[in-house]
Amino acid sequence: SSLDAVEAAVIVLENSECFNAGKGAVLTKDQTVELDASIMSSDSRAGAVAGIKETKNPISLARQVMERTPYVFLIGEKADQLAFQLGLEK
């Protein structure tokens, strides 16, 4: 599906040190990494996460927020907890 293709493409970016995403993200003032991601389907469903510190691929978490929760946007520790509950990679 197009959502699968979008998620896969963003995962490549998140896993590369060459892009300001995931593994290559710029550090915050406090020298930590905080990641954001969002995804939207053609039928206007959406999922987004922000301030992610533990989840390897925030785009996958954003998609899970869209598909498996009643929410559209989760931030910080609670979002990372959801990723852990869903078995997403750290």
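Listed values, structure above:
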| read-out | value |
| --- | --- |
| Leading residue by the ranking (farthest from A46 (Cα to Cα)) among those in the range 3-20 that are modelled with pLDDT of 95 or more and surrounded by 14 or more Cβ atoms within 10 Å (Cβ to Cβ) | N15 |
| Matching option when the condition is basic (K, R), part of a helix (DSSP H, G or I) and either open to solvent by 80 Å² or more (accessible area, probe 1.4 Å) or touching a helix residue (DSSP H, G or I) at 6+ places or on another chain (Cβ under 6 Å) (or both), among K23, K29 | K23 |
| Filter pass, L61 being open to solvent by less than 80 Å² (accessible area, probe 1.4 Å), in contact with a Leu (Cβ under 8 Å, 6 or more places away or on another chain) and not small (G, A, S) | yes |
| Failed item, numbered, when E89 is tested on (1) open to solvent by 100 Å² or more (accessible area, probe 1.4 Å); (2) over 26 Å from S1 (Cα atoms) | (2) |
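Residue by residue, here is whether (1) free of Cβ contacts under 8 Å to residues at least 12 places away in the same chain; (2) out of contact with any strand residue (DSSP E or B) (no Cβ under 7 Å at 6 or more places or on another chain); (3) of a type outside the set (S, T, Y) holds:
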| residue | (1), (2), (3) |
| --- | --- |
| S1 | yes, yes, no |
| E17 | yes, yes, yes |
| G22 | no, no, yes |
| A25 | yes, no, yes |
| S38 | no, no, no |
| I52 | no, no, yes |
| N57 | no, yes, yes |
| V65 | no, no, yes |
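The values are calculated or read from the model by the stated rules, or taken from the named source; none is laboratory data. Note that this is a predicted model, so its numbers are computed, not measured. Because the Cβ atoms are built from the backbone with ideal geometry, glycine has one as well, and the counts that use them run over all protein chains shown. Only protein heavy atoms, including side chains, enter the accessible area calculation; ligands, DNA and RNA are left aside. Shrake-Rupley method; radii C 1.70, N 1.55, O 1.52, S 1.80 Å.
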